[in-house]
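Only the coordinates and a few stated rules stand behind these numbers; no lab work does. Note that this is a predicted model, so its numbers are computed, not measured. Cβ placement follows ideal geometry from the backbone for every residue including glycine, while neighbour counts extend to all protein chains displayed.
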Amino acid sequence: LKESNDQEIDPAREDEAATEEVETDDRPVSQLWLDQIEFANVIVVSKAPMLLKKESEKKLTEIEALLKKLNPKARIIVPREDKYGDLDVFKTLINTGSFDMEEASASAGWRQELEKEDHTPETE
């Protein structure tokens, strides 16, 4: 076999790659959500307008309170208009300078996850 640059491919190496085990992340989606909430410095409650059409303001207040308990340092943003009509993305989300790598790397949850022998990044 030859690659496009005319280098020969070792058939044994090709078989190894095909049978290589793929690692999977078996954590439930709910745990991934919690990890992201706990690590975030800004949280946008994107479905607030939909919620307000079906539920009371009290329900939204409960959600905000829960998010604050899970991550007291995060800025909680609750757009109330469809399609983020009342959210100035450039002022509230982009280039805010609010991310602090030193503080983030000191996060207990992040440190524990990285120290695990079987750590699986969320991007895989």
Simple spin-label estimate for GLU102/LYS116, 7 Å along Cα→Cβ, in nm, reads 2.9 nm
The local net charge around ILE63, scoring Lys/Arg +1 and Asp/Glu -1 for residues other than ILE63 whose Cβ lies under 14 Å from its Cβ, equals +3
Given pairs LYS58/LYS91; LYS47/LYS73; LYS54/LYS91 and cut-off 24 Å on Cα-Cα distance, the over-length ones are LYS58/LYS91; LYS54/LYS91
Over all pairs of different Cα atoms in the stretch 27-112, the reciprocal of the mean inverse distance gives a Kirkwood radius in Å of 14.3 Å
